[in-house]
Each structure stands twice: as structure tokens, then as C-alpha cells.
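Single-structure report; data block below.
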Amino acid sequence: MIRGLSLRFESLVQLHCACRQLRALSCRRVCRAQWKPVQSVCPVRPVRLYSQLWQRNTLISVAFPHYRHLATKEEKKKTQKKIPVTKGEVEIKQKMTVEELARAMGKDVDHIFEALLYTDVDFDSLEPDSILYEDHIKLVVKKSGMKYKSAKLKEEKEKENTDAVKRPPADPAVLTPRPAVVTILGHVDHGKTTLLDNLRKTQVASMEAGGITQHIGAFLVRLPSGERITFLDTPGHAAFSALRARGTNVTDIVILVVAAEDGVMEQTVESIQHAKNAGVPLILAINKCDKPEADPERVKKELLAHDVVCEEFGGDVQAVNISALKGENLMVLAEATVALAEMLELKADPTGLVEGTVIECRKDKGKGPVTTAIIQRGTLRKGCVLVAGRTWAKVRLMFDENGRAVDAASPGIPVEIMGWKEVPSAGDEILEVESEQRAHEVVAWRNYVEQQEKMKKDSEVIEAKQKEHRTEYEKQQQKLGHLTWRQRKAVLYKANKHLMFIKPKERVEIDKNVLSVIVKGDVDGSVEAILNILDSYDADHECKLEVIHFGMGDISETDITLAETFNGVVYGFSVKANETIKKLAAKKGIKIKIHNIIYQLIDDVKQELNSRLPPSVVENTIGEASVLDTFSVTVGKSKVPVAGCRVHKGLLDKKMKFKLIRKGEVIWKGSLSSLKHHKADVQVIKSGMDCGLSLDKDIEFKAGDEIICYEEKEVEQTTSWDPGF
């Protein structure tokens, strides 16, 4: 060992001597020289250099074998591209790696790691190519005594707006009369569909689930006088507020149906508000006047409170008493509608590119995406290329309200359109474009605009989250500011150590308290109505409700797979699930619940929420006893307190649970260790009997204490969510 150390020491001395000779050579600028060994104080082997022509670099490499490696490393450093740092200012950008930040600052990677010790970065997964958050980058620059500035982003070439827009107003000379578009509004079950049923001489109401309209129906009614009126029958149910609002936006006249025996109801008031917002004139139809309890005058007076003034009270609202079921006065109502339409002088331009509005849309198994639309300008024909929202169509077929194919649809006419690439949203504006290429341009532009808006919203959310996280982190740092980074790390590890063991349990609890649902509906409006109701859910503290997917059409295998992933429930509204899908769902343990009436579907959701709530524990009192005297008995080497009691209500059962109450305060809960009557062990003491008892815990009794015998029962909780109907 001593010999090894000696050899190492000799080598160091030789290296020292060689370095001295190199320095001497550099000072004299001598290219050729005879080198002689330099004697050291210690007896070591001399460094013998022979008389040769030595180039300086060769000599250095002989004297310092590691030079070549260092030289290569230095050359690599020189070739690395460095971002110039001027006056301590660093140019930063989002998603910089540790290595990129080091180059930008002109520092080594170790410096960045050292500065990151002051942040909440996870060092276990930190590498030179790890991406840093912007706030961490700024903090590192500040800690290094430098200033930062954001790198200038490459300015993207601004895209040209290729959206489709409406044509300018038409020349009055080309306008022609068109049918009035009339929307029937009112409270649920006040007879709106029955009224339209009689006008059309069909049986619409009998086909509706529960006799309640579930989506908008658009119909063209031809009166005996030859006049044509387009009617929109909107749902009166509380769930369909958005559909009623959409109906009034494309209408010319609103017929407000109010039941004579019920009067003004919640959706009646809402319908009045929709008509006012759209600036549409009203006609009042007081229905069910054939009933004995009907009171039309009361209805008119109630409407005064909502600024609906009938003509007999000096207003401008026509009021017609009708019986939709018996067909009484329906022609009077139709004539009033035609008269008002003539006063409005409804005209439209039947030439040029088509403009319209999507009233309803659905996915048909045989036809594909189908929309119900009202044409507002131009004449729609087969082959027209339409754009609505972020989809387009080349019209393949058109149908009227009776399912008959039509070749053309002029302004004011409702029509079903086939040929859409995707399902548009109800309420979207329909515009005709010149070609399919133009349609692609419009859709691409609209997708781009939506993407930009989404990116803007996402960035705002991210910034808010980062700010919140930074504030929380700074508060934490202030508390730990007096500690070194090693001490801080140790404190944080101790604080978070328990989470490693709690996380699996928390996961189970979270899964139990979340109801994930998939909603599938027949038409867009129905799905929209269901989602609006689910959005009103306000009991997340009890059980979270998450809509993980929604759409139109029958329930598919994808829906089942998604439900399995999230342990969810599939709800269908007026759709089907074939036998294959049902068997697949049964195999995977997925619930499929299909309804035709919306409030039944919502009730089902409430029941599912109730089933996921933890049961509440309720105490049922079985018996009560009063402590008359106290004493103690010796058991082994210890004394056990015993209470002499008298049962004054119910009975005491040793198997049940007990609690000790003193001056109205519960001081003990548990079980009895013994229950005796006349020194004999018993299981039950009835009312009026005396007994002696001891607890499973040493607690001193006092005269006047109350002993309560009770049992605990689990009771199912019900959600506090009230959908409003």
C-alpha cells in the first residue's frame, strides 16, 4: 500500500516538473531545445526528455495526457449555439428545457438545477431535456440576478375570412307574399298539440309519449279559404325552455294557449317573455272552454299582470275562446291569424341563394343526418349546396311534414332536408353557397375560428390555474423560508408521506360518489333539453354528476365501452338498443335506461343518484332508565362501578347499544358488560323493573343519570337536487 502511494506521489511530482518546463518554454518562445531532467527535493525518478524537434502541441499532449479530451470538449462548447445575453437580459419562451434555459442564460446546467431548488419542481424526474413551466423559468432568471423578456413569436400570416354571409336586403319589387310562420306556445298539457291536431285533421297528440310534445314539430296547414300557415308546435314542458325560445326566433305570430280552468302557469309566463324578446305579436287562445270549471275572464285578468292586454280591455291582443278537443271556434282562431298576417304584409324574396334556419335535427338510421328547416329566402331545390354551423350538405332529398318527397321549398315552407355530412345544431343559420369547394372553405374557416376561441379560453384557464398555484406555493415558501432546501424537502416529504397510503382508498370513495352518464336522444332538441336540466344539478357535495358523452341516434357499442371505462350509466331518450348491444351491456354490467317521457328519465337519474349516496344512520330508542343509586363491586383486584336503575319506558336489551346522558349531554356510548335483576344475569329488563348494570368502560355514575337503550338503522338518503318539475 505504501509503495502504491509512493508511486502516485512520484507521478504527481513528474507532472509538476513537466508543467514548469512548459512554462519556461512558453516564456522564451523557443521552438527547439534540449530538455534536461529537473531534480526534485524528493528522490524520485527523473523526467527524461530526448533531444528532438518538439512541436508545442505535441509536447503539451505528452505532458498532460488528458488535454486531448479537454480540447475536444472545449471545441464542442465553441460549436454550441448560444443565445446572446446582453446586459443581464434573457430571452425566454414557453416550454423551454433546462438545457435551453442554461444556454439562453450563458450558464451551465448545474446552475439551473441549483436555482430550481427554490421552486416546487419534482427533482426525481428532472433531466436536462425536461420542459419547465414559464413561472419556473422566470423564477430561475430572477434568482440568477437577471431580467427576462419574452421571445417574439413568429407572426402568423393572418387568414383571410372565407365565411359565408347573408345577402343584402332584396329589392322590394321582387318580393312576393309568403305563408305566416306561427308558433304555438303555452304551459304543458294546455292543449297546444290537440289544437294543431284539429287544424291538420291528424292524430299528432296520440302519437306523443304521455300526450306531451317532446320536440318542435313544423307543419304547413291549408285552410278552407285557401290560405296557408306554417305552424311550429313547441313543447310546453319545463325542460324545453331553449326550444321555445328558438321557435319564437323564426316566427311571425305567436298563439298563446292558456287552459280556461288552470289560468296563467309558469311556462305561460315564460312564453310571454319569449314573444316579447322576439318582438312578435300575440294572439290569445283560451282553450278548454267546454269544461264546467272554465273561466275565460279570469285568464284575461291574470294576463294583465304580465302586460298582455286583450282588445276588450283596450289592448291590441285578440282573444278567442276555443275547445281544441271538440273543434269549437277553431276557424275563428285561424281567421284571426290570417287577418293579423295580412296586416303584417309578410313577403320574401324567392330568388337567389337560399337562406333559412334549422328548427330541429336528428340522426335517422336509414336517411342519415336529417334536419327540419324553414326557408326564409330563395327557393330550395335538389342539388343545392348548403352550409349550417360547422357542417355542409348537398341536398339529396326533401320531404314535407307528411313524409312525401318534394322538389322545391319556397320561403315560409317547412321541409326535411337529407344530405348533411354531419348533424348541425338546432337554431343554426342555413346559407346556400355556390359549390362544394366553397362549402369546404366556409366550414374550414368556422372550424379555425372556433379553434382560436377555444385556445384563447384554454390559455386564460391555464394562466388562472398557474397564478393560483403560484400564490399557494409562495405562501408555503414563506412558512418554510427560514429552512435550508434540504430541511424544506424533508418537511414536505413528511407532510405528503401519508398520501401514498390514502390515495387508493380515496380512489374508491371518489368512484362511489360520482355518477357518470351518457345521454343519447332522437333529436338535437331533446338532448339539449336533457343537458340543460342536468346542468342545473347543484348537489356535488353529495354525489358528483358528470355527463361524459352525449349525442343523437341509437345506443351503440362505443357508448357501452365508454360507460364501462367510467363506470357510467347510458340513458336513451326515444332511441333504441338492439339485442346485441343489450347482451354486451349485460355482460359488462352496464345499465341501459331508455325513456320516452323526459321527466321519467330525470326521475330515473335522481334514483340512480340516491343509490350512490351513503346511507344515513338513524337511532331508534328502545328503552329509557334512570339511575337511582350507585355502588361498586369487586371483580378480581379491581372495583367496577355499578348503577342501580329503574326502567320507566320501553325495555333494556343487553344486545343493543347504550348511551349515558348527564344533564342533557351524552358522555358515553357503547355496550353493557353486565345486566342483572336480583343478582341474576338477564338479557332483557322490561318497563317498571329495577336492575343493576355496568358499562364496558369504567365511568362513575351519578344519581339522576339517564340510560338510553337504542338501535342504529341505516336509512337511504335522497338527493337534495330539485330539477324544477
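The values are calculated or read from the model by the stated rules, or taken from the named source; none is laboratory data. Just so it is clear, the structure is predicted and the values come from calculations on it, not from any experiment. Cβ sites come from the backbone with ideal geometry, for glycine too, and all protein chains shown count toward neighbours. Heads up: the accessible areas ignore ligands, DNA and RNA and are worked out on the full protein's heavy atoms, side chains in. Shrake-Rupley method; radii C 1.70, N 1.55, O 1.52, S 1.80 Å.
Some observations on this one:
- Identification of strands (runs of 3 or more DSSP E) wholly contained in segment 367-426 with 3 or more residues that are at pLDDT below 90 yields 368-377.
- Condition check for residue 596: open to solvent by 60 Å² or more (accessible area, probe 1.4 Å) and in contact with a helix residue (DSSP H, G or I) (Cβ under 9 Å, 6 or more places away or on another chain): yes
- In segment 230-266, the residue that is modelled with the lowest pLDDT out of those that are open to solvent by 10 Å² or more (accessible area, probe 1.4 Å) and part of a helix (DSSP H, G or I) is 238.
- Residue 451 being closer than 19 Å to residue 386 by Cβ, surrounded by fewer than 16 Cβ atoms within 10 Å (Cβ to Cβ) and not assigned by the TED database to the domain that holds residue 221: no
- Within segment 296-350, the set of residues being part of a loop (DSSP other than H, G, I, E, B), under 44 Å from the mean Cα position of the chain (by Cα) and closer than 17 Å to residue 192 by Cα comprises 324 only.
- Number of residues in segment 94-120 that are closer than 19 Å to residue 463 by Cβ and open to solvent by 20 Å² or more (accessible area, probe 1.4 Å) equals 3.
- Of the residues making up segment 166-190, those that are closer than 17 Å to residue 218 by Cα and either in contact with a helix residue (DSSP H, G or I) (Cβ under 9 Å, 6 or more places away or on another chain) or not in a loop (DSSP other than H, G, I, E, B) (or both) number 8.
- With respect to the conditions (1) in contact (Cβ under 8 Å) with a residue 60 or more places away in the chain; (2) part of a helix (DSSP H, G or I); (3) among the hydroxyl-bearing types (Ser, Thr, Tyr); (4) open to solvent by 20 Å² or more (accessible area, probe 1.4 Å), residue 526 lacks only one, and its number is (4).
- Residue list for segment 562-584, filter: farther than 26 Å from residue 361 by Cα, in contact with a helix residue (DSSP H, G or I) (Cβ under 8 Å, 6 or more places away or on another chain) and touching a residue at least 40 places away in the same chain (Cβ under 8 Å): 567, 568
- Scanning segment 388-442 for residues that are of a type in the set (S, T, N, Q) and touching a residue at least 12 places away in the same chain (Cβ under 8 Å) turns up 391, 410, 425, 435.
- Residue count for segment 599-625, restricted to those that are among the hydroxyl-bearing types (Ser, Thr, Tyr) and crowded, with 16+ Cβ neighbours inside 10 Å: 1.
- Any chance residue 91 is assigned to a helix (DSSP H, G or I), open to solvent by 50 Å² or more (accessible area, probe 1.4 Å), at pLDDT 80 or above and more than 23 Å from residue 476 (Cα to Cα): no
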